[in-house]
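Structure record follows, encoded as structure tokens.
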Amino acid sequence: MTEKIGVYVCHCGTNIAGIVDVEDVAKWAAEKLQRRGVVIARDYKFMCSSLGQELIEKDIKELGLTRVVVAACSPHLHEKTFRNACKNAGLNPYLCELVSIREQVSWVHTDKVVATEKSKAIVSGGVERVIWHEPLEPLRVPIHPATLVVGGGIAGIQAALEIADAGYHVYMVEREPSIGGHMAQFDKTFPTLDCSACILTPKMVDVGNHPNITLLTWAEVTNVDGYVGNFQATIRQKARCVNTELCTGCGICWEKCPKKVIDDVFEAGLGKRKAIYTPFPQAVPRYPVLDKANCTYFLKGTCKACEKFCPTGAIDFTQQDEFLQIDVGQIILATGWDLFDVRRMPQYGYGRLANVFTSLEFERLSNASGPTGGKIVLRDGVTPPASVAIVHCVGSRDKNYNPYCSSICCMQSLKFAHLVHERTGAEVYNCYIDIRTPSKGYEEFYQRLLEEGTHFIRGKVAEVTNAYRTPEEEGKLIVQVEDTLIGKQRRIPVDMVILSAGLEPRHDAKEVGRLFGISCSADGWYIERHPKLDPVATMTDGVYIAGVVQGPKDIPASVAQGAAAAARALGKIQQKEVAMEPIRATINEDKCSGCRMCNTLCPFNAILFHEDKMVSEVNPALCQGCGTCVAACPAGAISGTGFSNEQILAQLDGLLLLNIKRLEEIPA
Amino acid sequence: MSEQTDINKPFEPVIIGFTCNWCSYRAADMAGTARMKYSPNIRLIRLMCSGRLDPTFVLKAFAGGADGVMITGCHPGDCHYVEQNYKALRRFIILKKTLQQFGIEAGRIKLLWASAAEGAFFTEEVNKFVEQVRALGPLQWPTSGGGLEKMFAVPEHMLVKEVTV
Amino acid sequence: MSTNGKPKFAMYWAASCGGCEIAVLNIHEKILDVDANFEVVFWPVAMDAKYKDVEAMEDGSILLTLFNGAIRNDENEHIAKLLRRKSKLLVAFGSCANEGCMPALANLSSVKDMVDTAFTTITTDNPQNIRPNTSYTVPEGELYIPTLYPVVRTLDQVVPVDYYMPGCPPESHQIAAVIDLVIQVLQGKAELPPAGSVIGAGGSTVCDECPRTRNEKKIKKFERIQNIMIDPELCILEQGVLCSGPATRSGCDAPCPKAGSPCIGCYGPAEGAEDYGSRLMTAVASVIDSNDPAEIERIFEGIPDPAGQFYRFNLAGSLLRFSKSAWKE
């Protein structure tokens, strides 16, 4: 019995119709594919509009269409739209096929004749394929109401609080001893110049106290199994060597600890901490962590001062790493960023010239609870600078390092300029390429800095050196820069140079991404489902991203993304179940010989072997629909819905126009 | 399928490209969104994963008149389904070796890894492949276009007849 | 109807080895059932008959013809067409008729190359470097011998076929079962399967009939059977020897693996599989235990002739059917 197929060719305004003769394609389909079942072929300006969809619905009802082919944009955009149109008209949504003649034809080819011919072939492929479509129902799986948030920075904190406040459980896993992320390192935040800790710590405390949040710091996720709604995550809780049931956070242990260690995480290498420590005074949780690699007891077997002085006996040197398994329904990744390593640009002298500082170092310098108590001073810890140069775009907007703009460094550099003015009265030189201050209050902040008397030099700094040429330059750091607005090379002697280094993905972002089944783009940031319209979802259902992991952004944007990811997760939790695409493999028991070739091919462990019946079976709840087993089965015993052999081979047939050839050989 | 009717017109190969839904198909979409231009000789088939690639598809493509076949998927390690692109790799290697014994040159089949962000790379590689296949000339496998009958033409007088003595 | 009232039976060999004929005779005393129920009108190996006798028969008057052998030359084609006309039920019998079998491996070379090879081997006495011609003039007139076609074809690539019986040869117990079925049909006690079906075979693959234990498959190396001691209990493929059982239709009762020899695929593809070679290729490749292209290539060096290995019995019936050298001038 031939199907009754409706073909709809979209103009998409002039996007398609400008290159492809859409009327010709529709006419061709109606004529040449009539014997293949095409009963109607239309072309229309915007198939995705309600009028366009109504065309389809009307034809289904009036002509009794059993299949629909739409030739328009990419299925990634409107497959759901046309499926819904079919559903509304009473036709199973999976009996509809959307083929792309826009992204694949009109937008990428210039020859109109060739483009039209290719579109015909694509429509032909769609028609042949759709004949083999079957009515399908989405698989519904329950969603576990708990959520895992990985990363305790501001984005992760926001996400966790939103979900927990809504009444659902959250596991927050943070690899450092305390949550807070990079924001906890900052002194002031632009443009309001709020004290960073003051606005952050209340949220941190909320997380620490929240009855719906299980906070696991000094912990990492080591394995994730399962699929949306049903993830099992294994978490390694690293040994703190502190019994958290007994610890009160009184701080005596780190007071008494005799071993000082350079803190290159929180203090950015500028200050020191003890071998047993909390990273900063407002740390959440308050429990310290013992750095085994630097602890005298673990190195030499002596000391144990912390144990001696602890009033509650909470120190436990025998503590081991523990592994926990948790069940969650969804995962939000908010693992933040690393700073660009400025040593990759030796011309700026970091590490060689004492008074060249990175942005994070400067944050610690200006922070009241930092190593200098908030005094902006040179490396000697005493002398305030009389002149400071701030270099923009270090490692960003640079073909040699990172081509992208790190988004926050201009505002950050302006902030630094303001702090230097405020605290030292020094001359400040900002060397920039462009001043990027787009968000609310940002441009006004820039104006303010202009009025404060900051010197703005438009030019990328070529070099920071101490090789002086004149007596004025002696003992100073000389910033060599072309001032492009006056067209002159300048050598500016300063006491201190601050490098506004760019943001980079975490050094292990790729490995962490693989754990969760998501990928990184060429720059290393995690790939979102759609760059314009879906920035917090990923290609993996149930795994979301929020904050700088998705790309450089400021705090308000990170908070917004954290809240967006939480909203997405909450939406799914409230629906109690999620509908999964019915693209699944099935094994025909009669055809299966039990050869077991398929058994090792499934990364989701969806294929089981039954020893008693000597056949293999696919568990439809675990099957993700990749089709690898379908392609591998030597007996042809495995079939896959949605992308069956018949469908793909038919599409191939149609694309090569073999169906037309065969029809031409048979008299009408 | 592929035309070579006019000596002066260059031969236009027909290439079938298999793309995976998560990476390479999106790379093709991205090439489209960014209006990058590539040769129209390629016609794409979307699979959920390069691991779905059955050698039957490739053989059918060549037997059906294609001059070249391109198989694309996610970069090793980045497969949306974890590691299925490795299965595609393994099948590709033996398929290529087998096809060469059939006289189908290694240059007619290509395996390409492209991530969703690599629209420009996808475009370049398609163009390169089209030229590579163009240089090899049309394949015109006889099963696809009436070439078969010519093989079995025996002059009438030579056909076996019953000897009546 | 024949002179003695019994339905007519014919068996013919085209490009074949004679093994199918022997398999039929191997049904031992069951051959008497054949004689009891049928009149054998044309069977070159067993009795004398001329082509003109067949041409004189009424169209459709032979009830059952078992046609084995591939179509190599125009004589094969002529008789195939003749027997199609004269038979009610034409069965493609044996691997040669079904898919080409060994003769079809010739499709990897050109006829010229094969003839040259045959006529210039080290043991051939051919000082004038003669090649056979298809016609020769004698005082009485022109003599012709059949022309070799450039490629070997299966029976159904030449004439429509009613049923397919795979195997090289089809196992005698299956032949006996099919004969029983036809006799039952004649007696009105059973129905013929739908036209175009594969008969005398199973619905799964050889692994279904193989008694060896099987585990998850991972291949790190391909072994040649003479180089290792085959464990009698364990799956042969897991021991590194390429057994084609997983891709080969069941029905033979797995005599080769039971005897310690890997299945070589003579029963053809499983039900619904379009191209045998690609099914075997994809399964074996998918379980190669490596992700490194260089290592995978090295492992595949253990299959030095993949076209021969994967298409040993099924080249003419495959999707590509022949190599370029067979048809390109």
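The values are calculated or read from the model by the stated rules, or taken from the named source; none is laboratory data. Values in this document were obtained by computation on a predicted structure and should not be read as measured data. Backbone-built Cβ (ideal geometry, glycine too); neighbour counts: all protein chains shown. Surface accessibility is based on the protein's heavy atoms, side chains included, excluding ligands, DNA and RNA. Shrake-Rupley method; radii C 1.70, N 1.55, O 1.52, S 1.80 Å.
Here the dipole of the protein assembly as shown is about 2200 debye; that uses its Cα centre as origin and unit charges on the Cβ of Lys and Arg (positive) and Asp and Glu (negative). For the pair A:K58 and B:F11, label points projected 7 Å from Cα toward Cβ lie 4.9 nm apart. Applying a threshold of 28 Å to the alpha-carbon distances of A:K203/A:K572; A:K188/A:K256; A:K661/C:K324 flags A:K188/A:K256 as lying beyond it.
Rounded to the nearest percent, how much of the accessible area of region A:239-320 (1.4 Å probe, protein heavy atoms only) is carbon and sulfur?
Carbon with sulfur: 52 percent of the solvent-accessible area.
Simple point charges give the picture: +1 on the Cβ of Lys and Arg, -1 on the Cβ of Asp and Glu, and for chain A a dipole about the Cα centre of about 760 debye. Relative to the longest principal axis of the Cα atoms of chain A, the long axis of helix A:409-424 makes an angle of roughly 20 degrees.
Whole Å is fine, so just give me how far the alpha carbon centre of region A:306-333 lies from that of region A:405-476. Comparing the Cα centres of region A:306-333 and region A:405-476, I get a distance of 44 Å. If you plug the beta carbon distance of A:H507 and B:H75 into 1/(1 + (r/R0)^6) with R0 = 22 Å, you get a FRET efficiency near 0.70. In region A:618-633, whose amide N lies under 12 Å from the spot 7 Å out along Cα-to-Cβ of A:T586? List them in ranges. Flagged as within label range: A:618, A:620.
An oblate overall shape is assigned to region A:199-240, the ratio a/c of its alpha-carbon gyration tensor axes (a ≥ b ≥ c) being 1.5 or greater and a/b not exceeding b/c.
Given the rule -39500 (n - 2.57) for each run of at least 4 DSSP H residues, summed and divided by the residues of chain A, what is its mean residue ellipticity at 222 nm, to the nearest 500 deg cm²/dmol? Value at 222 nm, helices only, nearest 500: -8500 deg cm²/dmol.
Could you run the numbers on buried accessible area between B and A, total for both chains, 1.4 angstrom probe, in Å² to the nearest 100?
About 4400 Å² of accessible surface is lost on pairing.
Among bridges DSSP assigns within chain A, what percent are antiparallel (round to 5)?
50
Computed over every Cα-Cα pair of chain C and binned at 10 Å starting from 0, the pair-distance distribution P(r) comes out as 5, 23, 29, 23, 14, 5, 1, 0 percent.
Note down the net charge around A:I163, summing +1 for each Lys or Arg and -1 for each Asp or Glu among other residues with Cβ under 15 Å from its Cβ. Spelling it out: positives minus negatives among the neighbours equals 0. Along the axis of the charge dipole computed for region A:239-320 (Cβ charges of +1 for Lys and Arg, -1 for Asp and Glu, origin at the Cα centre), the listed residues A:C310, A:T278, A:V265 are led at the positive end by A:C310.
Projecting label points 7 angstrom from Cα along Cα→Cβ for A:R344 and C:S325 puts them 5.3 nm apart. Magnitude of the charge dipole for region A:338-503, about its Cα centre and with charges confined to Cβ atoms of Lys, Arg (+1) and Asp, Glu (-1), is about 320 debye.
Over region A:462-598, what percent of the accessible surface lies on carbon and sulfur atoms, probe 1.4 Å?
Carbon plus sulfur share of accessible area: 51 percent.
Estimated from helices alone, the mean residue ellipticity of chain C at 222 nm is -7500 deg cm²/dmol (sum of -39500 (n - 2.57) over DSSP H runs with n ≥ 4, per residue).
Looking at the square roots a ≥ b ≥ c of the eigenvalues of the Cα gyration tensor of region A:1-91, which shape do they give, rounded for a/c under 1.5, prolate if a/b is larger than b/c, or oblate? It is oblate, given that a/c is not under 1.5 and a/b is not larger than b/c.
When the protein assembly as shown is described by a simple charge dipole with +1 on each Lys and Arg Cβ and -1 on each Asp and Glu Cβ, the residue from A:G251, A:A354, A:F298 located farthest towards its positive end is A:A354. Give the shape of region A:375-516 as rounded, prolate or oblate, defined through the alpha-carbon gyration tensor: a ≥ b ≥ c are the square roots of its eigenvalues, a/c under 1.5 means rounded, and otherwise the shape is prolate if a/b is larger than b/c and oblate if not. Verdict is prolate for region A:375-516.
For region A:324-448, the calculated P(r), taken from all Cα-Cα distances in 5 Å bins from zero up to the bin holding the longest distance, is 2, 9, 17, 20, 19, 14, 8, 4, 4, 3, 1, 0 percent. Model label sites at A:E452 and A:D523, defined 7 Å from Cα along the beta-carbon direction, differ in position by 2.7 nm. Applying the Kirkwood pairwise sum to the alpha-carbon positions of region A:239-320 produces a hydrodynamic radius of 12.7 angstrom. Taking every residue in C:233-240 and counting other chain Cβ atoms within 10 Å of its Cβ, the average works out to 1. Measuring between their Cα centroids, region B:33-95 and region A:104-182 lie 22 Å from each other. Distance from the alpha carbon centroid of region C:224-288 to that of region C:9-32 works out to 26 angstrom.
Once the 1.4 Å probe is applied to the protein heavy atoms, chain A comes out at 41 Å² accessible per residue. If R0 is taken as 41 Å, the Cβ-Cβ distance between A:Q319 and A:T192 corresponds to a FRET efficiency of 0.45. Averaged over the residues of peptide A:644-654, the number of Cβ atoms from other protein chains lying within 10 Å of each residue's Cβ is 4.
For the residues of C:109-115, the average number of beta carbons from a partner chain within 10 Å of their own beta carbon is 0.
Which of B:Y25, B:A61, B:G73 sits farthest toward the positive end of the charge dipole of region B:6-104, with +1 on the Cβ of Lys and Arg and -1 on the Cβ of Asp and Glu? Highest projection toward the positive end goes to B:G73. With the convex hull drawn over the C-alpha atoms of chain B, the volume per residue is 134 Å³.
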